[in-house]
Structure formats: C-alpha cells, structure tokens
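This report refers to the structure that appears directly beneath it.
Here, each number is a calculation from the coordinates, and none is a lab measurement. Just so we're clear, the structure is a prediction, and the values are computed from it rather than from any experiment. In this analysis, Cβ positions are derived from the backbone assuming ideal geometry, glycine residues included, and neighbour counts consider all displayed protein chains.
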Amino acid sequence: ASGSEENDVVVIGGGPGGYVAAIKAAQLGLKTTCIEKRGALGGTCLNVGCIPSKALLHSSHMYHEAKHSFPSHGVKFASVEVDLPAMMAQKDKAVSNLTRGIEGLFKKNKVNYVKGYGKFVSPSEVSVDGNTVVKGKNIIIATGSDVKSLPGVTIDEKKIVSSTGALSLSEIPKKLVVVGAGYIGLEMGSVWGRLGSEVTVVEFAPDIVPTMDSEVRKQFQRALEKQGMKFKLKTKVVGVDTSGAGVKLTLEPSSGGDQTILEADVVLVSAGRTPFTAGLGLDKIGVETDKVGRILVNERFATNVPGVFAIGDVIPGPMLAHKAEEDGVACVEFIAGKHGHVDYDKVPGVVYTHPEVAYVGKTEEQVKELGVAYRVGKFPLLANSRAKAIDDAEGLVKILAEKETDKILGVHIMAPNAGELIHEAAVALQYDASSEDIARVCHAHPTMSEAVKEAAMATYDKPIHI
Ligand code: FAD
C-alpha cells in the first residue's frame with residue numbers, strides 16, 4: 001500500500017457508497033485509496049444485503065413456481081425438492097463473483113485498495129489496523145450501517161438471527177417469526193415462506209413498509225397474506241425465552257394490554273439499521289453526528305471538519321445502495337471542483353417480493369399533506385394483456401399528478417417486475433414530465449409497461465383497456 005504518499009482522496013469503507021466514490025475519484029484523475037475492513041469489497045449490499053437476498057429470492061421463487069404454478073402451465077415434474085446447500089452455494093457464488101469484480105474495477109481504474117480497519121489519527125490521516133498511516137487531502141467516510149437489535153433481544157445468529165443469519169440458515173425453519181415489517185423482513189420472510197416455513201410478521205406500527213403509498217400497501221399486504229404470510233400489526237415483543245428447543249416470544253399490543261406467547265424455531269430481527277462509526281475515531285477529530293449517530297453533512301457532503309466528507313447509510317437519507325452510490329459520485333464531483341446533485345425525493349424504493357412493489361416520488365398521503373390539488377390515474381394489472389398472458393396479474397400502477405399542470409408527483413407500481421418498470425417513472429419525474437408525456441410515448445405491446453402508459457392516461461383522460 002502506498003500509505004506514505006499523500007492521496008487526493010481516501011475513502012473509508014468499500015460498500016456501494018465507498019467503492020463507487022473511489023472509482024469515480026480515480027476516473028476524475030484523483031489519486032485515490034480505499035480502506036475496507038471486511039476482507040471483501042461491496043459492503044453490506046454485496047456481501048450480506050441486496051445481492052445475496054436477491055439470489056435467494058430468485059431461487060426460492062423458482063422452487064415455488066415449479067411446485068405451484070408450473071402444472072397449470074402444462075409443465076409437470078414427478079416431484080420438486082429443495083436442495084438448500086446448493087441454493088446457498090449459488091448465492092455465495094453470485095456474491096464472490098461480484099465482490100471480486102469490484103477488485104478488478106479497482107485495478108482497472110488504479111484505485112489503491114488497502115485491507116484493514118481505518119481510524120482517524122487527524123483530519124487528514126487514517127491509520128489502518130493501528131499500523132500504516134494513509135494520508136489524504138480529502139477523506140470520505142463511507143462506513144455504512146449495521147443491524148439494529150431490540151432492547152432485551154440478543155442476536156445469536158442461530159435461533160435469533162439478523163438479516164445476515166437469515167441469509168444463511170442451514171435448515172428451513174418450521175416456524176419463522178419476523179420482527180419488523182420493513183422491506184428486509186418481508187423479503188427474507190418471503191424467501192423462507194416459499195421454501196416451506198410458516199411465517200408470522202410482528203410489527204409495532206399499524207402498517208407494513210411505512211414509506212409505501214397506503215392504498216398500494218393494503219393490496220400488497222393482501223397479496224402476502226394470500227401467500228400464507230401472517231401479520232400481527234400494532235404488536236410489540238416484550239420478552240424472549242430461548243431456554244427450550246425453539247424460541248418463545250411474549251407479545252403485547254403496542255399500546256399495552258394482554259400478553260400472548262408466540263413460538264418459533266427461528267426469529268429474524270429486522271427492526272432497522274443503525275449508522276456504523278464504531279472505532280473510527282470521529283470524536284478524536286470532532287465530526288458532528290445527530291442523536292441517532294448519523295454523520296451530519298451539508299449539500300456538498302462535507303462534515304463540519306474541513307476535508308472530511310461522508311456518504312451513504314452513515315448520513316441521513318434513504319438507507320439504500322443506489323442512494324449511497326449517487327452520494328459517492330456527487331461527493332467526489334464536488335471534491336474535483338465540479339457539480340454534483342442528488343435529489344432524495346426522487347430515489348426509487350423497491351421491495352423485491354412477488355409481486356414486487358416499487359415507487360418513486362410522493363405517496364398520496366404526502367401529496368395530501370402538501371395541500372396541492374391532484375389527480376390519480378390507476379390501472380390494474382388484471383387488464384394488462386402481458387400479465388394475463390403469463391397468468392401473473394396481481395397488482396396495479398398508480399400515478400399521482402398535479403391537477404392544474406398534470407405534472408407527475410409520484411408513481412407506485414405493484415407488479416411482478418415493478419423494480420424494472422419504475423425507471424420510466426423515475427426518468428419522467430427527473431425531467432418534470434407530465435402524466436400525458438408518458439401516455440403519449442409509444443409503448444411496446446404486449447408489455448407490462450403498457451400498464452404504466454394506461455395509468456398515465458387515466459390521470460387526465462380515460463384509459464383504453466378498462
Ligand atoms: P455499507 O454497504 O454498509 O458499506 C460500508 C463498508 O464499510 C462495510 O463493508 C464495512 O466493512 C466498511 N467499514 C466500516 N467501518 C470501517 C472502518 N473503520 N474501516 C474500514 N472499513 C470500514 N439496498 C438497496 O438499495 N436494494 C436492496 O435490495 C437492498 N437489500 C438489502 C438487503 C439486506 C438484507 C440488507 C441488510 C440491506 C439491503 N439494502 C438494500 C441496503 C444496502 O445494503 C445499503 O443501503 C448499502 O449497502 C449502503 O452502502 P454504504 O456504502 O453506505 O455502506
């Protein structure tokens with residue numbers, strides 16, 4: 001490692017925020033070093049987040065389809081079985097291919113990669129594992145986030161697991177309880193539910209996925225219930241007993257009341273994530289954080305300490321990989337004397353269950369709060385020819401547009417491939433398009449994207465197919 005020479009940019013953390021910032025910095029001609037403690041690049045997302053979860057979601061979906069949908073499409077097997085070790089091996093292969101791929105990108109772009117734990121010695125010096133000191137004119141903190149437990153609940157990654165443990169269970173639990181109905185809990189609950197677990201989701205709040213439009217959320221919850229997922233909303237966990245073979249959870253209504261016992265073989269705690277800055281020496285250089293430990297930055301991603309920046313899950317904003325990447329690029333562009341921009345109101349959110357739910361912009365509740373007059377255009381997937389052709393027609397597209405100007409305010413999609421469909425809406429929102437702009441674009445037939453076009457027609461006129 002070229003520790004003694006001064007870098008233009010030193011990035012602490014090699015997750016989606018950090019590795020993208022490092023590559024972009026190098027592309028802009030800045031001498032760049034990235035320090036990562038994990039032994040592999042890609043951060044939470046590639047190692048224990050987005051990628052392994054999507055690998056398991058895909059594999060478990062294939063099994064579920066083979067078992068439950070193939071016969072009605074005229075495809076028959078004598079029997080369908082799960083080979084869990086093979087499923088896990090496929091997931092691990094996807095992860096290692098991708099993390100090694102980033103090492104390759106570092107080499108190609110001449111980013112210096114240093115393995116070890118970074119700690120500030122001064123605002124322009126970072127020690128690695130307490131030894132080598134790496135110097136940088138600019139230092140970007142991209143240390144991400146970690147799993148958050150609940151008070152009184154100890155995660156042992158065997159019976160009480162975090163999302164990390166839930167990605168590598170060695171057997172399929174008979175009963176899985178998921179504590180927390182955010183997207184991570186619902187995705188992991190879907191994986192194990194498809195493989196045969198009886199899944200119960202316990203949530204303190206009255207609703208699942210709080211960032212979702214409530215009309216779509218209701219349909220989404222019904223879809224998950226049809227798949228066998230059970231929900232105990234407005235419920236809190238007040239006791240955990242792991243002394244027996246499984247786990248006994250004591251539950252209570254969120255507002256207090258009679259207690260009940262829920263038994264599980266495995267409990268997944270997915271109650272949110274917390275910014276990770278342990279051992280980083282932030283207090284030593286005086287970097288300001290808020291009361292939940294997030295590093296405070298200005299619109300240029302600069303902290304209160306000159307030359308020290310922060311991006312990704314460790315700062316306020318949606319805790320998502322693509323947001324971390326956008327932060328990384330914009331931060332480095334500012335450092336290089338250019339302009340960067342990330343609009344957190346236009347960051348898409350996707351829940352990768354089946355059907356998927358994806359959204360960008362405002363929910364109907366947020367639009368109401370803004371007090372603008374608006375119109376709603378909706379189109380059910382049941383009226384979309386492609387969805388009907390493949391017999392996968394649960395869902396809808398919902399578009400919110402300003403009444404006076406028809407400007408798009410928010411788009412919400414529940415569909416098998418909503419995570420892909422949403423980007424047409426993201427582009428439209430970015431360009432301040434009207435709903436009619438989308439409706440007048442020729443969409444290929446038969447595609448599910450036509451449902452987006454028809455929902456757009458429905459905001460200012462009538463759709464054709466319903
Ligand atoms: P991280 O990815 O957390 O990376 C930070 C890195 O910094 C880590 O590798 C860590 O080892 C390293 N580090 C920390 N401190 C130090 C130090 N002092 N010295 C050296 N290295 C250090 N997001 C999506 O957008 N889509 C998804 O589908 C999705 N699915 C998810 C599924 C799960 C189960 C989980 C847990 C998360 C998921 N996320 C998803 C969220 C996503 O993983 C995070 O938003 C994203 O990884 C944040 O990127 P980051 O670079 O800020 O931090």
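Quick one: Kirkwood hydrodynamic radius for the range 183-252, alpha-carbon pairs, angstrom, one decimal?
Averaging 1/r across every pair of different Cα atoms and inverting gives 13.2 Å.
Where the convex hull is taken over the Cα atoms of the range 89-230, what is its projected area averaged over directions, in nm²?
12.8
For Ala393, what is the net charge nearby, where nearby means another residue's Cβ is under 13 Å from its Cβ and Lys, Arg count +1, Asp, Glu -1?
Neighbourhood net charge equals -2.
Divide by every residue of the chain the summed helix terms, -39500 (n - 2.57) for each DSSP H run of at least 4, and state the resulting mean residue ellipticity at 222 nm, rounded to the nearest 500 deg cm²/dmol.
-10000 deg cm²/dmol
If you wrap a convex hull around the Cα atoms of the range 1-130, how much volume per residue is inside, in Å³?
Residue-normalised Cα hull volume stands at 124 Å³.
Compute the normalised compactness of the range 181-222: alpha-carbon radius of gyration over 2.2 N^0.38 Å, N being the residue count.
So the Cα radius of gyration is 1.17 times the expected 2.2 N^0.38 Å.
Which of the lysines could be linked to Lys93 by a straight reach, that is with a Cα gap under 16 Å, when you skip same-chain ones fewer than 8 residues away?
Lys54
Cross-chain or 8 or more residues apart, Cα under 19 Å: how many lysine pairs in the range 324-466 fit that? Count them up, please.
29
With the dipole of the range 326-400 worked out from charges on the C-beta (+1 for Lys and Arg, -1 for Asp and Glu) around the Cα centre, which of Phe334, Ala387, Gly349 lies farthest toward the positive end?
Selected residue: Ala387.
Sorted from largest down, what three extents in whole angstroms do the Cα atoms of the range 407-463 have along their principal axes?
For the range 407-463, the Cα spread along each principal axis is 26, 23, 17 Å.
Working only with C-alpha atoms, what are the Rg and Dmax values of the range 12-59, expressed in angstrom?
12.8, 41
Apply the Kirkwood formula to the range 200-323: the hydrodynamic radius equals the inverse of the mean of 1/r over all pairs of different alpha-carbon atoms; give it in Å with one decimal.
By the Kirkwood definition, the hydrodynamic radius is 17.9 Å.
More than 32 angstrom separation, counting every C-alpha pair in the chain; what % is that?
For the chain, the fraction of Cα-Cα distances above 32 Å is 47 percent.
Please give the Cα centre distance for the range 190-240 versus the range 1-73, rounded to the nearest Å.
The range 190-240 and the range 1-73 have Cα centres separated by 28 Å.
In the structure shown, do any of Lys137/Lys323; Lys175/Lys226; Lys148/Lys291; Lys236/Lys291; Lys67/Lys159 have a Cα-Cα gap over 19 Å, and if so which?
Lys137/Lys323; Lys236/Lys291; Lys67/Lys159
Give me the Kirkwood hydrodynamic radius of the range 387-439 in Å, from all C-alpha pairs, to one decimal place?
The Cα-based Kirkwood calculation yields 11.8 Å.
When the Debye formula is applied to the Cα atoms of the range 298-418, each taken as the same point scatterer, what base-10 log of I(q)/I(0) results at q = 0.20 Å⁻¹?
-1.05
What is the Rg over Rh value, at two decimals, for the range 364-405, using alpha-carbon atoms and the Kirkwood definition of Rh?
1.19
Mean projection of the alpha-carbon convex hull of the range 103-183 over all orientations, in nm²?
With the hull built on Cα positions only, its mean projection is 9.4 nm².
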